[in-house]
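In what follows, a structure is listed as C-alpha cells, so that the remarks can point back to it.
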Amino acid sequence: MWNDAYECAKILAQFAVEALIAELELTPKPGLVDLRSSGSHHNMDAKLMRASAESLYECFEQMARAAYNSKPDQELREKLAFIGRAGEAQMYAVTKGINTHRGAIWCLGLLIAGCSIHGKPITAELITATAGKIASYEDRFAPNEQSNGMKVLEKYGMHGAREEARLGFPHVIDIGLPALLKYRKQGCSEDVARLHTLLAIMNTLNDTCILHRGGVAGLHDIQTRCKTVLELGGLSTALGYKAYEQLERKMLQLQLSPGGSADLLAAVLFIDSVTVKIGGD
C-alpha cells in the first residue's frame, strides 16, 4: 500500500505534471506546440504550456487525495469533477483564458484516481479499468455548456474524450502503451518511440480536435497519413521521415491540431511512469 494519502498524492501529481511537460517537450510533433514552434496554435507557445502544466500540480494532488483508498462511485466522480473545475479555473488564470489542458485534466484526473484507489503493486490494466468505472457515472453538477467534443458528437455522431474514458481508455491501454514498448524494444530513441506512439494513437483515434476544424474528410486524411508514416518506418527511415514532413505540412496548412491524441500520449507517459517506477513496489 501507499504509506499515506500525502505520499500518494505527491507522487502521482508529480508524475502527471511531468507527463504533460514530456508531451510538450517532445519535438517535433505535427500541429502541436513543441520546443520548435507553436504548430497550429497561434495563441500558445512552449512557455505558456509549461506554466499551464505546472499550475495543475495542486489540482492533481487534490484528486489523488480524494480518491485515496476510496471506491469508484458517484460521490468520487463528482468530487473529482469539482476539483477539476477548480483546476481549470487555475489554468485559465495562468493562461489568461486560453484552453491549454482542459482535456488533460479530464483524462489524467481519472487515471490519477484509478491509481490512488489501489495499493501497490498496480498495473496499467487496473488503472485504466478503474478510471473507466469512475467515468461511467454522470456528474450531476456539471455546468450546462457545450464543449467542442459535444459539438462534434452532435454534428458527426463521433464520440470523444468522455467515451474514451468510459471504455477504459482503449487508446492508452491497447494502442499507446503497446506502441511505446514496441518502439523501445526496436531500439528507437525515447523521443522517436514517443513520436511513433503519438502517430499510432492519431492513426485510429477520432480526435475531436481535428474533427472540429477539419471535419470527417480531414480526420480520415490525417489518419491515413499517420498510418503511411509508420508503415514506411517512421522517423527511422528516409521515406518515413519524408512522409512525416508531408503530414506536418498538411496539418499546418489546414491548421489542424491533434489535441485529443496529445492528451492520450500524456496519459500513456503517466501510466508508464507509474508502472515502471512504483508498479512493482
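The values are calculated or read from the model by the stated rules, or taken from the named source; none is laboratory data. Since we're looking at a predicted model, the values are computed, not measured. So basically every Cβ, Gly included, is an ideal-geometry build from the backbone, and we count neighbours across all protein chains shown.
What pairs come up if the first residue lies in segment 80-99 and is in contact (Cβ under 8 Å) with a residue 12 or more places away in the chain and of a type in the set (D, E, K, R), the second is in a helix (DSSP H, G or I) and buried (at least 17 other Cβ atoms within 10 Å of the Cβ), and their beta carbons are under 6 Å apart, counting only those six or more places apart or on different chains?
From residues that are in contact (Cβ under 8 Å) with a residue 12 or more places away in the chain and of a type in the set (D, E, K, R), the pairs are E88/R102.
Within segment 117-148, track down each residue that is part of a loop (DSSP other than H, G, I, E, B) and under 29 Å from A46 (Cα atoms).
The answer is E145, Q146, S147.
Check whether at least one residue in segment 4-18 is at pLDDT 95 or above and over 22 Å from V274 (Cα atoms), and report yes or no.
Checking segment 4-18: not a single residue is at pLDDT 95 or above and over 22 Å from V274 (Cα atoms).
Could you tell me how many of the residues in segment 23-44 are charged (D, E, K, R) and more than 18 Å from the chain's Cα centre (by Cα)?
Adding up the residues that qualify gives 1.
Give segment 230-281 a look and list any residue that's farther than 29 Å from A16 by Cα, of a type outside the set (S, T, N, Q) and not in a helix (DSSP H, G or I), or say none.
Those that are farther than 29 Å from A16 by Cα, of a type outside the set (S, T, N, Q) and not in a helix (DSSP H, G or I): L232, G233.
Quickly run through segment 161-191 and pick out the residues that are under 16 Å from I127 (Cβ atoms) and surrounded by fewer than 19 Cβ atoms within 10 Å (Cβ to Cβ).
Scanning segment 161-191 gives R166, L167, P170, D174, P178, L181.
Table: residues versus (1) modelled with pLDDT of 95 or more; (2) of a type in the set (K, R); (3) under 28 Å from A124 (Cβ atoms).
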{"position": "M202", "(1), (2), (3)": "yes, no, yes"}
{"position": "G214", "(1), (2), (3)": "no, no, no"}
{"position": "D221", "(1), (2), (3)": "yes, no, no"}
{"position": "G240", "(1), (2), (3)": "yes, no, yes"}
{"position": "E248", "(1), (2), (3)": "yes, no, no"}
{"position": "L264", "(1), (2), (3)": "yes, no, yes"}
{"position": "F270", "(1), (2), (3)": "yes, no, yes"}
{"position": "S273", "(1), (2), (3)": "yes, no, yes"}
{"position": "D281", "(1), (2), (3)": "no, no, yes"}
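Conditions tested, residue by residue: (1) more than 17 Å from the chain's Cα centre (by Cα); (2) among the hydrophobic types (A, V, I, L, M, F, W, C); (3) closer than 13 Å to A104 by Cα; (4) modelled with pLDDT of 95 or more.
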position: I21; (1), (2), (3), (4): no, yes, yes, yes
position: A53; (1), (2), (3), (4): no, yes, yes, yes
position: E78; (1), (2), (3), (4): yes, no, no, yes
position: G84; (1), (2), (3), (4): no, no, yes, yes
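Within segment 43-92, work out how many residues are within 21 Å of A135 (Cα to Cα) and among the polar types (S, T, N, Q).
Residues in segment 43-92 being within 21 Å of A135 (Cα to Cα) and among the polar types (S, T, N, Q): 4 in total.
Mind telling me which of the residues S40, S55 ends up being within 25 Å of R194 (Cβ to Cβ), out of contact with any Cys (no Cβ under 6 Å at 6 or more places or on another chain), touching a residue at least 60 places away in the same chain (Cβ under 8 Å) and hydroxyl-bearing (S, T, Y)?
S40
Looking at segment 206-234, which of its residues are within 24 Å of Q186 (Cβ to Cβ), touching a helix residue (DSSP H, G or I) at 6+ places or on another chain (Cβ under 6 Å), of a type outside the set (V, I, T) and surrounded by fewer than 22 Cβ atoms within 10 Å (Cβ to Cβ)?
Within segment 206-234, Q223, R225, K227, L230, L232, G233 qualify.
Is it the case that some residue within segment 207-229 is not in a helix (DSSP H, G or I) and not charged (D, E, K, R)?
The answer is no, given that none of the residues of segment 207-229 is not in a helix (DSSP H, G or I) and not charged (D, E, K, R).
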